[in-house]
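Report on the following structure.
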Amino acid sequence: MVDEAFLRRIQTKIKIDFVTPEQFREIFRRVCQEYGLNYDQGVAEELIRMITMEYKEPLRACYPRDIVQQIIWGARYLQEKPRLDREAVAQGCRNYFLAA
C-alpha cells in the first residue's frame, strides 16, 4: 500500500499478475514441501476458497508462503508442532488478513 508519488520515484517496476488456482496449488505444494508440511489438496482448495470468497482477494503468488509462515509462527508461539489442516489455515488467514 503506497501512494502514486512513491511509485513514480521507483524507476524500474515489474508487474506481477495474479495467479490461477492451478498455479496457486503448485506454489502451495512447493511451500509445504519447503517447510516440511504434508500437502493436502483439500486444504489447498479450502485456502483458495477462503481467500477468494471470504476475504474477496485475488490469488497472489506470495499468499502460500505468507500463510504457511503464519501457521508456523502460531505453532511456535504455542510450542506445538505445525500442522496443516483447515483450522490452522483459517487461523493463518485471520492473522494475515487481520480479520476478527
*Take every Cα pair under 8 Å in region 1-81 that's 6+ residues apart, average their separations, divide by the length, and report that relative contact order as a whole percent.*
33
*Scan (i) 3, 15, 29, 28, 18, 7, 1; (ii) 2, 12, 22, 23, 15, 11, 8, 5, 2, 0; (iii) 3, 12, 19, 18, 12, 11, 10, 7, 5, 2, 1, 0, 0 for the value of P(r) over Cα pairs in 5 Å bins from 0, in percent calculated from this model and give just the label.*
(ii)
*Keeping all protein chains in place, calculate the accessible area per residue for the chain (probe 1.4 angstrom), answer in Å².*
72
*Estimated vicinal HN-Hα couplings, Hz - region 45-55 in sequence order (Karplus 6.51, -1.76, 1.60; Gly, Pro = x)*: 5, 5, 4, 4, 4, 4, 4, 7, 8, 7, 9
*How much of the accessible area of region 13-100, in percent, comes from carbon and sulfur atoms when a 1.4 Å probe is used?*
51
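Place a +1 charge on the Cβ of each Lys and Arg in the chain and a -1 charge on the Cβ of each Asp and Glu, then give the dipole magnitude about the Cα centre in debye, rounded to the nearest 20. Working shown, then result.
On the way: 16 positive and 15 negative charges, 66 e Å.
For this selection, approximately 320 debye.
Starting from the Cα-Cα distance between D85 and Q11, subtract it from 0.36 nm times their residue separation and give me the gain in nm to one decimal. List each step's numbers first, then the result.
Values: separation 74, 0.36 × 74 = 26.64 nm, distance 4.20 nm.
Extra length available between D85 and Q11 comes to 22.4 nm.
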*For n ≥ 4 DSSP H runs only, could you compute -39500 (n - 2.57) per run for the chain, divide by its residues and tell me the 222 nm figure to the nearest 500?*
-16500 deg cm²/dmol
*asked:* Calculate the FRET efficiency for Y39 and L98 from the Cβ-Cβ distance with a Förster distance of 25 Å, rounded to the nearest 0.05.
replied: 0.45
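The values are calculated or read from the model by the stated rules, or taken from the named source; none is laboratory data. Remember, it's a predicted structure, so these values are computed and weren't measured experimentally. Note that we place each Cβ from the backbone using ideal geometry, even for glycine, and neighbour counts take in every protein chain shown. For the accessible areas, the whole protein counts, side chains as well, though only heavy atoms, and no ligand, DNA or RNA atoms are used. Shrake-Rupley method; radii C 1.70, N 1.55, O 1.52, S 1.80 Å.
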